[in-house]
Amino acid sequence: MIGDQVEFGVAQKTASTNKQRIWSSTGKGGSGFERISGHFPDLKINPKFKISKDANFFTIGSCFAREVESALQALNITSLTLSALFPATYYALAKSEAYNGALNVYTPASMRDLLSLGSRPNPMEIAALQVGDDWYDMLLSGFRPLTREEFDIARGILVSTYAQLSSADVVVVTLGFTEAWLDTHDHIYVNRSPAATMATVKAGARYNFHNLAAPQVMDMLENIVSIIQAQTNDRAKIVFTTSPVPLHATFGGADVISANTYSKSTLVSAANWIASKYDFVDYFPSYEFVTHMRRDLAYIEDGVHVNRDVVAAIMKLFVESYIE
């Protein structure tokens, strides 16, 4: 396990069998430097387990989680979260059809709290924000202001979606960033910034900004694993990954470049640590694939969203690595 001490002989044996251990160029094409010098990195993936095509997947995380669902759908593999179809007209940027993008969740704190939403005494009310006649579901992403009836419909879809976790055989968790917002009224981490609209700014005093520290992230990932195992009767395999989509903007005082580096490095470190603890938990390096490419090839013009061809290549490797 990461963090444990091992005897010299064990470390030496591990090193002797690791063909990808050298970074500096060897002239033979097998070094770390050489394997990231092409158009697409050649990263070795050693999956701990294989997954049947008959398995039920449940995906949690940022927009990269939606890419996982698309890749699975193309193989006729069941993704339980694909059934969460929120009305297209609920989105601030109207969709052409019902879509599950409102499930996007970004921080370990809000992921943990969503996973335990069903055990709260008021899952249909918690984190609801009313400003005038408008309602905001602070647990869902990308919505315009809703009527109370629309809020109830959307929240019902969210609650029923997470209730399906008990049927999952595999859970994929895509970590986004560490900058989180705590609803001090309802004591729950929310999934959208109160600074996002002029209306929610008026209620800003209700929320505290919290840039999660590394030990807190590790504790939250441990909580996430425990909740998933409890709800699936210790059946589910779990794959953690970190989204390569950078922090759009920071609420801290650091340069956004430094803030993003802190956020991603903390998540990558914690995800590798939790994966090293359990044989049913693994780590998939989607972040490393993208960040070790030329940026003009990896990202589209906005510098935020990953090129769809790159996403497709990463998901192809994910499927080849894990799916039987």
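No lab work stands behind these numbers, since they all come straight from the coordinates. Small disclaimer: the values here were computed from a predicted structure and weren't measured. As a convention, Cβ positions derive from the backbone with ideal geometry for all residues, glycine included, and neighbour counts pool all protein chains shown.
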Given the options N260, P47, N100, identify the residue whose Cα lies farthest towards the positive end of the charge dipole of the chain (+1 on Cβ of Lys, Arg; -1 on Cβ of Asp, Glu).
P47
List every residue whose amide H lies under 5 Å from the amide H of S31, counting only residues 5 or more places away in sequence or on a different chain, with H placed 1.01 Å from N in the peptide plane.
T26
Is there a pair in K19/K44; K48/K264; K28/K50; K95/K264; K50/K264; K48/K237 whose C-alpha atoms are over 20 Å apart, and which pairs would that be?
K48/K264; K28/K50; K95/K264; K50/K264
Relative contact order of the chain (C-alpha contacts under 8 Å, at least 6 apart) in percent is 21
Please compute the length gained on full extension between M1 and S321, using 0.36 nm multiplied by the number of residues separating them and subtracting their Cα-Cα distance.
113.0 nm
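Note down the relative contact order for the range 182-301 as a percent, whole number, built from C-alpha pairs under 8 angstrom at least six residues apart.
Details: 102 pairs, mean separation 28.9, N = 120.
Relative contact order here is 24 percent.
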With θ set to phi - 60° and the Karplus curve 6.51 cos²θ - 1.76 cosθ + 1.60, what are the ³J(HN,Hα) couplings of the range 264-271 in order, to the nearest whole Hz, using x for Gly and Pro?
5, 5, 5, 5, 4, 4, 5, 5
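Which whole-number percent of Cα pairs in the range 251-324 have a distance greater than 19 Å? List each step's numbers first, then the result.
Working: 1354 of 2701 pairs.
Across the range 251-324, Cα pairs with separations above 19 Å total 50 percent.
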For the range 75-173, just the Cα set please: Rg and Dmax, both in angstrom.
13.6, 46
Phi to ³J(HN,Hα) by Karplus 6.51 cos²θ - 1.76 cosθ + 1.60 over the range 135-150, Hz, x for Gly, Pro
10, 10, 8, 6, 9, 10, 9, x, 8, 6, x, 10, 6, 4, 5, 5
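Based on alpha-carbon atoms only, what is the radius of gyration of the range 52-322 relative to the globular estimate 2.2 N^0.38 Å? Write down the numbers at each step before the final one.
Values: Rg = 17.7 Å, N = 271, 2.2 N^0.38 = 18.5 Å.
That works out to 0.96 for the range 52-322.
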Under 19 Å from the Cα of K202, which aspartates and glutamates turn up, not counting those fewer than eight places away in the same chain?
D133, D134, D137, D183, D186
With x for Gly and Pro, the residue-by-residue ³J(HN,Hα) of the range 74-84, computed from phi through the Karplus equation 6.51 cos²θ - 1.76 cosθ + 1.60 at θ = phi - 60° and given in whole Hz, is 5, 9, 6, 9, 6, 10, 4, 6, 5, 7, 7
Using a 10 angstrom cutoff on alpha carbons, build the Gaussian network for the chain and name the most mobile of T178, T78, T14.
T14
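Applying 1/(1 + (r/R0)^6) with R0 = 35 Å to the Cβ-Cβ distance of S119 and D302, what FRET efficiency is obtained, to the nearest 0.05?
On the way: r = 39 Å, r/R0 = 1.10.
For R0 = 35 Å, the calculated efficiency reads 0.35.
Counting DSSP beta bridges with both partners in the range 52-322, what percentage is antiparallel, nearest 5? Mind showing how you got there, number by number?
Values: 16 of 31 bridges.
Within the range 52-322, antiparallel bridges account for around 50 percent of the total.
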